[in-house]
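As structure tokens, the structure follows; a few thoughts come after it.
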Amino acid sequence: MKQKKARKIIIKTLSGKASNEELDRLLDWVEEDEANMALFKKYLDVYQFYDIQQKFEAEKSFNNLMSRLKKKQSSGRIISMNYQKYLAATAAACLVIFLTYFFQEKNYSVQQDDNSEIEISIQAGTNKAILTLDNGEVVKLIEGETYENNNVKGDGYSLLYGDTILSKKEYNTLTVPRGGQYYLVLSDGTKVWLNSESQLKFPVQFVKGETRSVELAYGEAYFDVTSSKHNNGASFSVENKNQIVEVLGTQFNIKAYKEEPEVYTTLVEGAVSVENELGSEILSPNQQLIVDINSKNINIKTVDTYPFVAWKSGVFNFREMELQSVVQVLSRWYDVDIIIKDEDVKRLKFNGLLRKNQDLGSVLKVIAQSINLKFKKYENQIILEK
């Protein structure tokens, strides 16, 4: 089946309009090639987020697709384990999206034991950061307010550093608090997305011929680095107290939060070298390197990079993530402490695709309903429990 026809059937499937014959053709096509499966996955991810009004149709359609897959398995056809795992994980994600639609459209809410409704009106994070100049001056960058200083321009959502000549090397520091995110373009054109509770130190202007070095003091950042070919051969490095990442021109994500025991470097495109006290490793696309902060040991694995970088595109993509890790992410974005006291609850796994622009109440309702939990607000904390 040609790709153009496959695209049409994918869209019909996700909107609940595909016939059984078309579903069979789609399954055949997906099984033919990994690239076909990847395309199907991209359509599903996009559909789940930007057609929220029809999520219940996507959930019904996907269940139908899964049913037909089982029939094919029972008939003796061999289907790869990776594909089966992907379908299973995505089915769970579809269910979460369906629940999101259900709660938002029907105005349902999770209730306490006394049946009184819990209202949590905590809004999503915004574009905000604090810029510290080389002379110590502090500038608050707030969504909707512009900023301009020499070669730096800000529109309230991002900062753009132009190419200029300075008499001495100057450094700026961009700090993104809890409940914030920010986008930065360095003087060489490298693009940086900073997540909540993150800090990046960088030169106002890179020196030609020297390594373009920045420091991710803590937090999470996604880098789209301009090629060394366009910068007189100068490589690019990201330093952290636990590792140094050397690149020539690539896209990658580093997560290095202060309270977490591991640093994650996830490579999307190109190649990077990651070095720490015990040695260095070179990563290829779709590989993730994990440094244990205490032992300094390095572990490399092959991953689907999308869940690890989706945050920069306005999406939470939780795949088989322990609930304790989920609430850490939410706590940073919504700038509120979410507490789980029960160790068993902390280890529960959650699958979900959720939009970052939703208020916290809507997100918690989906999580609580999908894994049979309840939540309550106590002073400035939110407690999640059985």
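Residue-level check: of (1) surrounded by 20 or more Cβ atoms within 10 Å (Cβ to Cβ); (2) under 26 Å from residue 177 (Cβ atoms), residue 289 misses just (2).
Of the residues making up the stretch 134-167, those that are assigned to a loop (DSSP other than H, G, I, E, B) and closer than 21 Å to residue 220 by Cβ are 143, 157. Applying the selection to the stretch 252-286, what residues are among the hydrophobic types (A, V, I, L, M, F, W, C) and either out of contact with any strand residue (DSSP E or B) (no Cβ under 6 Å at 6 or more places or on another chain) or without any contact (Cβ under 8 Å) to a residue 40 or more places away in the chain (or both)? Selection gives 252, 254, 263, 267, 271, 272, 274, 278, 282, 283. The lone criterion from (1) in a helix (DSSP H, G or I); (2) over 18 Å from the mean Cα position of the chain (by Cα); (3) not basic (Lys, Arg) left unmet by residue 294 is number (1). The residues on offer are 197, 170, and the sole one that is closer than 15 Å to residue 216 by Cα and not small (Gly, Ala, Ser) is 197.
A single member of 151, 195 is farther than 24 Å from residue 312 by Cβ and either out of contact with any Ser or Thr (no Cβ under 6 Å at 6 or more places or on another chain) or not acidic (Asp, Glu) (or both), and it is 151.
Checking each residue in the stretch 12-56 for being at pLDDT below 75, over 23 Å from the mean Cα position of the chain (by Cα), more than 24 Å from residue 319 (Cβ to Cβ) and assigned to a helix (DSSP H, G or I) picks out 12, 20, 21, 23, 24. Just give me the residues in the stretch 140-184 being within 29 Å of residue 334 (Cβ to Cβ) and among the aromatic types (Phe, Trp, Tyr), in sequence order. Correct list: 147, 157, 182, 183.
Quick one: would you say residue 210 is outside any strand (DSSP E or B), within 18 Å of residue 194 (Cβ to Cβ) and in the same structural domain as residue 151 (by TED's automatic domain parsing)? Answer is no for this residue. Would a scan of the stretch 114-124 turn up a residue that is part of a strand (DSSP E or B) and either of a type in the set (Gly, Ala, Ser) or at pLDDT 95 or above (or both)? Within the stretch 114-124 (the criterion being part of a strand (DSSP E or B) and either of a type in the set (Gly, Ala, Ser) or at pLDDT 95 or above (or both)), the answer is no, since none of the residues qualifies.
The values are calculated or read from the model by the stated rules, or taken from the named source; none is laboratory data. Just so we're clear, the structure is a prediction, and the values are computed from it rather than from any experiment. In this analysis, Cβ positions are derived from the backbone assuming ideal geometry, glycine residues included, and neighbour counts consider all displayed protein chains.
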